[in-house]
Amino acid sequence: SIPSLKIKTWDAVPVVAPTNVGGYGGKDGELVITWTPVQPQYFYGKKFGYVVAFKPHDDVDWWYETISDPETRRYVHRDASFRVKSNDFQVREFQVKVKTFNSKGDGPYSLSTTIYYPRDVPSESPTDVYSRPVSSHEALVWWIPVMDTGTGLQQYIDGYQVKYWRKYDDTEPGANRIFVPASMNQTRLENMLPDSHYLIEVRAYNGAGVGPPSEHCEMFTKRAPPSVAPQMWRYISYSGKWLYVWWHHIPYDWFGNESFPLYYKVMFRKTGYITGPIYMTGWHFIDFPMPQVGDYELEVRGRYEGGDGPIRKIRLQGKASFLRPTLSLATMLLLALCIVGLGI
């Protein structure tokens, strides 16, 4: 039959509050309040918006601001009285909460959160910055965090800025930057170039800006893996119960620009699947029970100091899918003589 008429439910008061309410004190009397907006399916009515409430920690009365844009995720309040005088060494605390509203009424407030208006940028720099290359494109860096900036409040530090650039080939203004929350003292550096000399710098920051830099940490990324995948062969046992796979070792050039080989990674998976069992071996051959039914893929790649090398892939069918004749004894002997002749 033809469909019935569509019915739209009536508007109602919102029941979901914004999440991740936070913020920081900016420059020149700015108080920045942030939150995660509510999803449209929870608006529950027209004219949806937010009410931002905040007050100094010791005050009784709240200040309220209404925001009519439902996609807004921050509000900046400017007040000249927030500006810190030269003889004021205190970090001010503010209580902040946010609620929703629509044409039917107000929703619930979020949990109250404490944010801080700093007197100045952090005055201390992180110490003992160390780094370790993970591959030709990644590295780990860690440091001793800033525990005291002259106020005794750990919350005065909002996080850390990590900069890294090549010492002789890049300029510091164009360096890569990563921002890490204050609760962490390590991070992973990515998108680095292989076999390169890098400088790493860490600074603490808050809403007023970034503090002084740490001492530069110097590090060399690893050389890149070879661009050639192992050449691979396979052999199925006469009984069809075992699959033997072997490949050539990729020669290592001690005076070249490729990283040192560590081992081989072999993955055996069914066709159409993303992953399967992964085997690691230092030899250049492997054997395992022959699958009975289905199509499979076997991948071999080298693992080097600089990361994984390119993949060599072969396809094979399960034992029941093969159209035999099987190998004769003479063919097996001929194949063995070929292998010996190749020096495998």
Item to check | From phi via Karplus (6.51, -1.76, 1.60), per-residue ³J(HN,Hα) for the range 129-140 in Hz, x at Gly/Pro | outcome: 7, 10, 9, 8, x, 9, 8, 6, 10, 9, 8, 10
Next on the checklist: Suppose accessible area is computed on protein heavy atoms with a 1.4 Å probe; arrange ASP128, ASP58, ASP308 from highest to lowest.
Outcome noted: ASP58, ASP128, ASP308
Checklist entry - Residue by residue through the range 96-113, which ³J(HN,Hα) values in whole Hz follow from phi under the Karplus form 6.51 cos²θ - 1.76 cosθ + 1.60 (θ = phi - 60°), with glycine and proline marked x? => result 9, 8, 9, 10, 9, 8, 8, 5, 9, x, 9, x, x, 6, 6, 5, 6, 10
Next on the checklist: As a test of reading the structure, rank PHE285, PHE94 by solvent-accessible area (1.4 Å probe, protein chains only), most first.
Outcome noted: PHE285, PHE94
Checklist outcome for this item: With all protein chains in place and a 1.4 Å probe, PHE288 shows an accessible area in Å² (nearest 10) of 20 Å²
Checklist entry - Given H placed on each backbone N at 1.01 Å, which residues far from TYR244 in sequence or on other chains put an amide H within less than 5 Å of it? => result TYR235, ILE236, SER237
Item to check | Environment charge of VAL21, counting only residues whose C-beta is closer than 12 Å and scoring Lys/Arg +1, Asp/Glu -1 | outcome: +4
Checklist outcome for this item: In Å², rounded to a whole number, the accessible area per residue of the range 127-221 with probe 1.4 Å is 50 Å²
Checklist entry - Residues with amide H under 5 Å of ARG92's amide H, sequence separation 5 or more or different chain, H placed in the peptide plane at 1.01 Å from N; which? => result TYR117
Item to check | From phi via Karplus (6.51, -1.76, 1.60), per-residue ³J(HN,Hα) for the range 4-15 in Hz, x at Gly/Pro | outcome: 6, 5, 6, 10, 10, 5, 6, 5, 8, 5, x, 10
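The values are calculated or read from the model by the stated rules, or taken from the named source; none is laboratory data. These numbers were taken from a predicted model, which means no experiment stands behind them. For neighbour counting, all protein chains shown are included, and Cβ atoms are generated from backbone atoms with ideal geometry for every residue, glycine included. Quick note on the areas: whole protein, heavy atoms, side chains included, nothing else; ligands and nucleic acids left out. Shrake-Rupley method; radii C 1.70, N 1.55, O 1.52, S 1.80 Å.
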